[in-house]
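Below: the structure, in structure tokens.
The values are calculated or read from the model by the stated rules, or taken from the named source; none is laboratory data. What you see is a predicted model, and the numbers here were worked out from it, not measured in a lab. All Cβ positions, even for glycine, are placed from backbone atoms using ideal geometry, and neighbour counts span all protein chains on display.
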Amino acid sequence: MLENLSNKIKDALGKITKMGSVDKQAVDDLVEDIKRALLSGDVNVHLVDDFGKNIEKKAFEKLPAGMTRKEHVLKTVYEELTNILGSEKPVISLKPKKILLCGLFGSGKTSTAARIARYYKKQGLSCAVVCCDTVRPAAYEQLEQLAKKIGVQFYGQKDEPSAEVVLKNQLKKIKTDIIIVDSSGRDALDKDLIDEIMRLNDILKPDEKILVIPADIGQAAKIQAEAFHKALNVTDVIVTKMDATGKGGGALTACYETNAKIMFITKGETPDDMEIYDPKKFVARLVGIPDIETIVEKAKAAGLESSAKKIMKADFDLNDFYEQIAGVGQVGSFSGIADMLGVGNKVPKDMLEKQQEKTKKWKFILDSMTPKEKNNPDLIDASRTRRIAKGSGTSEPEVKEFLNNYYKTKKMSKQLGLSKMRQGDMAKLLRKGGLKF
Ligand SMILES: Nc1nc2c(ncn2[C@@H]2O[C@H](COP(=O)(O)OP(=O)(O)O)[C@@H](O)[C@H]2O)c(=O)[nH]1
Ligand SMILES: [Mg+2]
């Protein structure tokens, strides 16, 4: 399972986030750990080597403004993984089209024919699936049942031995927006299979020729992708059975290496177990930090920088204070941010989640204040506190807690008289100021 790979990568990154500072040794160790994880996931050794070299090269580049070395290393790992696992999310057009599926026996073509039909049906297009597998016994019934289950039209000719005859006859009848043709497979990439698929291609003149590849063959996906591409010029790839193997990373990297566009991945046996392959999201999940890109971008955002500066000068109001705590929290999980700031490992996860909950409440509290109160919190007496609690659907102690955090942070900031702070220091300050992380 991919979880294995994911856990190994997360462990390796976890070691780095626990360190005070990141030196060459730490990066070397990190690279070794991730390389080992990728190799065990059947990623090609040359790709893995290049991956390692790129990280070692980039890890000690000049730091972009506002970033710590740790964040930079994390970002580099993320970017290099994205580089080997794919680039952009595929664009899936919703215009009427004809689709031909090909792939070896057992790769998941028939199940995937149904999944694709379901996908387009959900987008409001009418769909038909056509059984052109005249080799495998019961192929007809399998697709017929799946079509019935998801409510799309089914076409086929039970006792006709020629796939081409079936296709010609059925095409005359079909009027749907989307036509999906399921073909037969063979155990190996033999000439019969390729000849048949090329004849079907000539008859159908498909808009999309999709190769279905099972993830469990790992990097051998490259051989299949290349062979089908040569014969048929496949336009897209679907990688199936991502749930059932640890070699999924190997299959994805191998496909991407051949420049095949991976359109969907499937992860289960039902018609719903398919998702668009978005490499960036995929990698973010793999490394365990959702929205990492957004987080990195946001951390650099000017608004945050300016409120951070105000806090450093002890000259800040409730708006600035809230922005510092929640500005980053709103784009990702609070624990993700704490990890980036290098404090995540020191705090139990549930505490961070509690803080995130609290931050949501603080937003309601802030929204219930007048602009004057936000600028000058000293105005907030007992009766205003009552009004704010009522207006925000919180309690008076919760409003007081928010204000206390603000005052504590302000006091700390004055005492320390910090003029030059980096993001890590800001986290420490907020923590000392009463934030419980
Ligand atoms: N676990 C898992 N099994 C799958 C997936 N996709 C297909 N299968 C199973 O793989 C087997 C072969 O699938 P099938 O669609 O008949 O392959 P075909 O011979 O290429 O048409 C079936 O038992 C499917 O249920 C998947 O994403 N995950
Ligand atoms: Mg089949």
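Key figures
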read-out: For T270: the one exception among (1) near ligand 1 (Cβ under 9 Å from one of its atoms); (2) within 26 Å of K98 (Cα to Cα); (3) in contact with a strand residue (DSSP E or B) (Cβ under 9 Å, 6 or more places away or on another chain); value: (3)
read-out: Checking K241 against (1) surrounded by 19 or more Cβ atoms within 10 Å (Cβ to Cβ); (2) among the charged types (D, E, K, R); (3) outside the structural domain of L101 (by TED's automatic domain parsing), the condition it does not meet; value: (3)
read-out: Which listed residue, of T110, T134, is among the polar types (S, T, N, Q) and modelled with pLDDT under 95; value: T134
read-out: Considering residues of region 261-277 that are farther than 15 Å from G248 by Cβ and buried (at least 16 other Cβ atoms within 10 Å of the Cβ) only, the residue nearest to the chain's Cα centre (by Cα); value: M263
read-out: Yes/no for D159 being over 25 Å from the mean Cα position of the chain (by Cα) and in contact (Cβ under 8 Å) with a residue 60 or more places away in the chain; value: no
read-out: Selection count, region 165-182, where residues are closer than 14 Å to D202 by Cα, in contact with a helix residue (DSSP H, G or I) (Cβ under 8 Å, 6 or more places away or on another chain) and not basic (K, R); value: 3
read-out: Residue that is farthest from L189 (Cα to Cα), among those in region 232-249 that are free of Cβ contacts under 8 Å to residues at least 60 places away in the same chain and more than 15 Å from ligand 1 (Cβ to nearest atom); value: T235
read-out: First in region 100-112 and not assigned by TED's automatic domain parsing to the domain that holds P214, second anywhere and near ligand 1 (Cβ under 6 Å from one of its atoms), Cβ under 9 Å, 6 or more apart; value: none
read-out: Residues of region 12-23 classified as without any contact (Cβ under 8 Å) to a residue 40 or more places away in the chain and either touching a strand residue (DSSP E or B) at 6+ places or on another chain (Cβ under 7 Å) or buried (at least 17 other Cβ atoms within 10 Å of the Cβ) (or both), total; value: 1
read-out: Residue match in region 2-11 (condition: of a type in the set (G, A, S) and crowded, with 20+ Cβ neighbours inside 10 Å); value: no
read-out: Tally, over region 87-113, of residues that are of a type in the set (S, T, N, Q) and in contact with a Gly (Cβ under 7 Å, 6 or more places away or on another chain); value: 1
read-out: Hits in region 42-62 (condition: out of contact with any helix residue (DSSP H, G or I) (no Cβ under 6 Å at 6 or more places or on another chain) and among the β-branched types (V, I, T)); value: V45
read-out: Residue check, K70 modelled with pLDDT under 90 and either in a helix (DSSP H, G or I) or farther than 27 Å from G268 by Cα (or both); value: yes
read-out: Region 79-129: number of residues that are among the basic types (K, R) and surrounded by fewer than 17 Cβ atoms within 10 Å (Cβ to Cβ); value: 4
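Residues are listed down the side, and each one gets a yes or a no for (1) surrounded by 19 or more Cβ atoms within 10 Å (Cβ to Cβ); (2) modelled with pLDDT under 90:
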site	(1), (2)
K346	no, yes
M351	no, yes
P371	no, yes
R386	no, no
F402	yes, yes
M412	yes, yes
Q415	no, yes
A427	yes, yes
K436	no, yes
